[in-house]
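> One structure, pasted below without further comment.
The values are calculated or read from the model by the stated rules, or taken from the named source; none is laboratory data. Predicted, not measured: the structure shown is a model, and the values here were computed from it. Virtual Cβ from ideal backbone geometry, glycine too; neighbours counted across all protein chains shown. Remember, those area values only see protein heavy atoms, side chains included, never the ligands or the DNA or RNA. Shrake-Rupley method; radii C 1.70, N 1.55, O 1.52, S 1.80 Å.
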Amino acid sequence: RHAWINQEIVKGGQNIGAEALIDDVHGGWEFNFVSGQYVPAAPPLDGYYKWDTNPNGPTFSRKYTPAEAADLNDISDAALKTKPFYDPFKYAGLYDASTGSAVAALPEVRYNLLASAIPASSYAVAPNSVDLLREHPLGDRDFNMQEELKNRDQYGAVFWKENDATYGPDWIHSDFRDMAFTYVWPMYERMMELGNLNE
């Protein structure tokens, strides 16, 4: 049930189990940053840094704050093409101005980055209402399967798999396909209605 969640957690090597669960540990939302460079007045060796003065000791490096990172005068789009703000991907050619586009165009590169290196930054679309679907030119295309599309008996009670020992009454991923038609036929009727498939 939680395969998608676990996959997102380990992407980019941010989780203790990442190296054991996926082949490639790269990317992710960790900063491109190496801490502990206590060298006064020295430029950073790699990654993105801010330099602060410590009244009780030497100059030290620290990570950017969100506001500092958003300042395009400090970190330009052009700079990010060759020096990523987050942990680099394993494909060095992506950061070379002469090869970046060609490397990015390779299907195996795109698939690998999406599968192992770029965690989701938001929930999947299914748990949330989508205004653009509600305002669709052909009518409301946004609906809640859990609340609206379970079969009900003649008294309005939900006809569902309440006795399921693992998932109870939840409509879980792919139930529209895995459940018996008796339970899910209202969803298919809605699909036919929205797609004008019954004409």
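> Scanning the range 61-83 for residues that are assigned to a loop (DSSP other than H, G, I, E, B) and in contact with an Asp or Glu (Cβ under 9 Å, 6 or more places away or on another chain), which turns out surrounded by the fewest Cβ atoms within 10 Å (Cβ to Cβ)? Full working, then the answer.
In the first step, residues of the range 61-83 are kept if they are assigned to a loop (DSSP other than H, G, I, E, B); the result is 63-65, 70-76, 83.
Going one step further and asking which of them are in contact with an Asp or Glu (Cβ under 9 Å, 6 or more places away or on another chain), we end up with 64, 74-75, 83.
Numbers: TYR64: 17, ASP74: 12, ILE75: 16, LYS83: 14.
Out of the qualifying residues, it is ASP74.
> In this structure, is ARG134 basic (Lys, Arg), without any contact (Cβ under 8 Å) to a residue 40 or more places away in the chain and more than 29 Å from GLU30 (Cα to Cα)? Break it down into steps so the answer makes sense when it comes.
Working: basic (Lys, Arg): yes; without any contact (Cβ under 8 Å) to a residue 40 or more places away in the chain: yes; more than 29 Å from GLU30 (Cα to Cα): yes.
Spelling it out, ARG134 is indeed basic (Lys, Arg), without any contact (Cβ under 8 Å) to a residue 40 or more places away in the chain and more than 29 Å from GLU30 (Cα to Cα).
Let's see how each residue does on (1) assigned to a loop (DSSP other than H, G, I, E, B); (2) exposed (fewer than 13 other Cβ atoms within 10 Å of the Cβ):
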| position | (1), (2) |
| --- | --- |
| ASN112 | no, no |
| ALA115 | no, no |
| GLY139 | yes, yes |
| GLU147 | no, yes |
| THR166 | yes, yes |
| ARG177 | no, yes |
| MET192 | no, yes |
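> Which one of these does ARG141 not meet: (1) in contact (Cβ under 8 Å) with a residue 12 or more places away in the chain; (2) among the charged types (D, E, K, R); (3) touching a Phe, Trp or Tyr at 6+ places or on another chain (Cβ under 7 Å)?
Here ARG141 clears every test but (3).
> Further question on the same structure: Return the pair list, or none, for Cβ contacts closer than 7 Å from residues in the range 175-192 that are without any contact (Cβ under 8 Å) to a residue 24 or more places away in the chain and charged (D, E, K, R) to residues that are open to solvent by 70 Å² or more (accessible area, probe 1.4 Å) and outside any helix (DSSP H, G or I), at least 6 apart or on different chains.
none
> Considering the range 84-103 alone, what residues qualify as being closer than 25 Å to ASP74 by Cβ and not in a loop (DSSP other than H, G, I, E, B)?
Step one: of the range 84-103, the residues closer than 25 Å to ASP74 by Cβ are 84-89, 92, 94-97, 100.
Selection gives TYR86, ALA92, LEU94, TYR95, GLY100.
> If TRP160 satisfies every condition in (1) of a type in the set (A, V, I, L, M, F, W, C); (2) surrounded by 11 or more Cβ atoms within 10 Å (Cβ to Cβ); (3) at pLDDT 80 or above but one, which is the exception?
(3)
> Between a residue in the range 46-66 that is modelled with pLDDT of 75 or more and any residue that is open to solvent by 40 Å² or more (accessible area, probe 1.4 Å) and not in a strand (DSSP E or B), which pairs come within a Cβ distance under 6 Å, given they are 6 or more apart or on different chains?
What qualifies is LYS63/PHE33.
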